[in-house]
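Working notes for the structure below.
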Amino acid sequence: MSSRELWYVCKRLMNAERVDALRKVMLAPEPMIVTQLADMLRIKEPATSQYLTQLEVDCGLVASIREGRYVSYAPKADPDDPRCEVLSGVLRRCFKDESDRLGLSLAGPREAPSFVQGLAGLSNEGRVRICLHLRKHGPCSVSTLSKLINQCDAGIRRHLRIIGDAGLCQGKDNIWHWREPNDRVLKTLLDLFARELP
């Protein structure tokens, strides 16, 4: 789905339970049935099904497989959106490395991975444009960003507060500085954004 907005994918991945569902699907040795996944997540089947549908339709990171009356999910990137393959590969490696390093079981509930906090800074087109500008051009004032994004200073300050809380920038004396994330998922997302936004 070529019309998928990448910042909206970031918004979907901000939910810890949805990310845990994705982690379980990506690390499972075979496709997972919704009921099985709901038991592992310790949430109701309708919520699990909704999360998986969003990961499939909105994010393009999993695929549903219908077998009779059962639906199972497997990690499969949307073939019509090449960004999904890139993001899927990075997420899968991130989940696998984290699982190996921490000795995590597939079944237990899981705290959100470190990249989830940074997604708030990338879950809105205006914030993404601010991040890309700071990343490429260096320190910048609120008034310069206001002209660049075509938003009032108050709106820019709100965005910068969210980006700052996400750990992607910091401000001092009305000048904002970029903080490059260490997380490879966030770096990959920023690189994907940089390719498609002027």
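Take the conditions under 16 Å from residue 185 (Cα atoms) and in contact with a Cys (Cβ under 7 Å, 6 or more places away or on another chain) and apply them to residue 16. Does it pass?
On the way: under 16 Å from residue 185 (Cα atoms): yes; in contact with a Cys (Cβ under 7 Å, 6 or more places away or on another chain): no.
Considered against the rule, which asks whether it is under 16 Å from residue 185 (Cα atoms) and in contact with a Cys (Cβ under 7 Å, 6 or more places away or on another chain), residue 16 comes out as no.
If you go through the range 158-198, how many residues are more than 15 Å from residue 122 (Cα to Cα) and touching a residue at least 12 places away in the same chain (Cβ under 8 Å)?
Adding up the residues that qualify gives 4.
Helices (runs of 4 or more DSSP H) wholly in the range 1-68 with at least 3 residues that are closer than 22 Å to residue 86 by Cβ - which ones?
Details: elements: 6-12, 16-27, 34-41, 45-57.
Qualifying helices (runs of 4 or more DSSP H): 6-12, 16-27, 45-57.
Among the residues of the range 149-156, is there at least one that is under 19 Å from the mean Cα position of the chain (by Cα) and either among the aliphatic types (A, V, I, L, M) or under 25 Å from residue 18 (Cβ atoms) (or both)?
Here is the first cut: in the range 149-156, the residues under 19 Å from the mean Cα position of the chain (by Cα) are none.
The answer is no; no qualifying residue exists.
Can you give me the number of residues within the range 69-78 that are assigned to a strand (DSSP E or B) and either touching a helix residue (DSSP H, G or I) at 6+ places or on another chain (Cβ under 7 Å) or in contact (Cβ under 8 Å) with a residue 40 or more places away in the chain (or both)?
Let us first name the residues in the range 69-78 that are assigned to a strand (DSSP E or B), namely 70-75.
Subset that is either touching a helix residue (DSSP H, G or I) at 6+ places or on another chain (Cβ under 7 Å) or in contact (Cβ under 8 Å) with a residue 40 or more places away in the chain (or both): 71-75.
Qualifying residue count for the region: 5.
Residues being touching a Ser or Thr at 6+ places or on another chain (Cβ under 6 Å) and at pLDDT below 95: count how many of those fall in the range 82-96.
We begin by selecting, within the range 82-96, every residue touching a Ser or Thr at 6+ places or on another chain (Cβ under 6 Å); these are 90.
After this cut, where a residue has to be at pLDDT below 95 as well, the list is none.
So the answer is 0.
Kindly establish whether residue 25 is modelled with pLDDT of 90 or more, touching a Pro at 6+ places or on another chain (Cβ under 9 Å) and closer than 15 Å to residue 74 by Cβ. It would help to see each step written out before you state the result.
Values: modelled with pLDDT of 90 or more: yes; touching a Pro at 6+ places or on another chain (Cβ under 9 Å): yes; closer than 15 Å to residue 74 by Cβ: yes.
It is true that residue 25 is modelled with pLDDT of 90 or more, touching a Pro at 6+ places or on another chain (Cβ under 9 Å) and closer than 15 Å to residue 74 by Cβ.
The values are calculated or read from the model by the stated rules, or taken from the named source; none is laboratory data. Predicted model only: the values in this text are computed from it and were never measured. Please note: Cβ atoms are built from the backbone with ideal geometry, for glycine as well, and neighbour counts cover all protein chains shown.
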